[in-house]
């Protein structure tokens, strides 16, 4: 039987200090018990001996006193020696990401290590009562709770057993079970090593750190799954410490027909997402623009189908942008390419309501050829606008604003509701000015990943209808104004009657 309690760890050298979270793990088997502290270290193994270690937890912390127990190393294990995990991590580190707190210690590719610690003094007081440790796994959009000791140099009493809530956005799968996860849970200082659980209290792993895009596009919390950590449990707790690794649940993204689309030439590459809608692929014009407007014969446009298949667009495929004002393009695949796409589920279109739950599904923030699933993120419908498609038609939904997170690369992805009905196509994030101190003018802006404008499915289908009918109706000019965020109303100032 396994039990656990959260812990706080300090690593102190003559020139440096670090703090992380972790867990005390007790393993009972055949009448014997082994108790050790586990954490994820940002410090390279080669310099670990330079640090003094101190641990506080449970019985050693109260409102008046924090007793720090001197610790020593039992063993350390480099998670990055696992080739599949190293490959997964490298796709971020070589594409504009940094991993914190690890890259606060080194500017080179970081070494991620699992540390097992024990007291220097065998008689030291340690927490003996813990919660049952149940090993589990999760699929995209599972709700999680992280228990950690953030800001532990500031106030380890106030922030002890701190609970952070969020969702799994991506699971990196190896032979049916997840090696690592990405979560939209906000990473807090000193959270590395924190316990990650589902709402049923089963644990899916430990926090590694914060993957942050260096250009400011966004960040996600990186979690190592027990499928990865299970390789080291027998080395730490003995050969009997082998638990059954549960198979990952089916991800809801498996049934959402979105595909990464990569546009490139001999000198550059960009990517986005396309969504299957009524036998065609819908995406944004700005995703395809480098390919459509290319004068270089080396320009390519490749759609990555789930698995190892690729579709290279050619002159046999037809790209139509019916209304440039909408930033909406349709890819009509040739019969052979449509067959290569395979059997694809056509999602049921659905309208939306303000405050209803929505999910963004797309290949935002990062993409590599080994990526098997899109990021899925939860939010709500924040605003909704309806206008006639042409001036003599009835109003339809013409813009959706959602708080479901979207990033560079999400463009052209799907916005779905709780039933996986297709609500819209992701288009763009809001870009706003950063507030400035009076007297300064820098003009700096930032993108808001939780303020995303989407093309409602009714607008997409009406545009597609005009393409298939080979018609070019006059788009309501107010829709074009709306998509430039220009006002289409009149301001009227009420004034009192003249005497």
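Yes or no: residue 360 part of a strand (DSSP E or B) and buried (at least 24 other Cβ atoms within 10 Å of the Cβ)?
Criteria met by residue 360.
Scan region 430-441 and give yes if some residue there is surrounded by 14 or more Cβ atoms within 10 Å (Cβ to Cβ) and at pLDDT 90 or above, otherwise no.
No, region 430-441 contains no residue that is surrounded by 14 or more Cβ atoms within 10 Å (Cβ to Cβ) and at pLDDT 90 or above.
Could we say that residue 89 is buried (at least 20 other Cβ atoms within 10 Å of the Cβ) and part of a strand (DSSP E or B) here?
It is false that residue 89 is buried (at least 20 other Cβ atoms within 10 Å of the Cβ) and part of a strand (DSSP E or B).
For residue 310, state whether it is surrounded by 15 or more Cβ atoms within 10 Å (Cβ to Cβ), within 19 Å of residue 264 (Cα to Cα) and free of Cβ contacts under 8 Å to residues at least 60 places away in the same chain.
no
So, in region 54-68, exactly how many residues are surrounded by 13 or more Cβ atoms within 10 Å (Cβ to Cβ), in contact (Cβ under 8 Å) with a residue 60 or more places away in the chain and in a loop (DSSP other than H, G, I, E, B)?
The total comes to 1.
Against the condition modelled with pLDDT under 90, surrounded by 14 or more Cβ atoms within 10 Å (Cβ to Cβ) and either touching a strand residue (DSSP E or B) at 6+ places or on another chain (Cβ under 8 Å) or assigned to a strand (DSSP E or B) (or both), how does residue 34 come out, does it pass?
Judged against the criteria, residue 34 is a match.
Out of 373, 404, 458, 377, which single residue is touching a residue at least 60 places away in the same chain (Cβ under 8 Å) and in a loop (DSSP other than H, G, I, E, B)?
373
Identify the residue in region 328-347 that is modelled with pLDDT of 95 or more and within 27 Å of residue 380 (Cα to Cα) and, among all such residues, is surrounded by the fewest Cβ atoms within 10 Å (Cβ to Cβ).
Checked region 328-347; the qualifying residue surrounded by the fewest Cβ atoms within 10 Å (Cβ to Cβ) is 330.
When the residues of region 463-483 are narrowed to those that are loosely packed, with under 15 Cβ neighbours inside 10 Å and in contact (Cβ under 8 Å) with a residue 12 or more places away in the chain, which ends up farthest from residue 430 (Cα to Cα)?
472
The values are calculated or read from the model by the stated rules, or taken from the named source; none is laboratory data. Just so you know, these numbers come straight off a predicted model, no measurement behind them. Neighbour counts run over all protein chains shown; Cβ positions are idealised from the backbone, glycine included.
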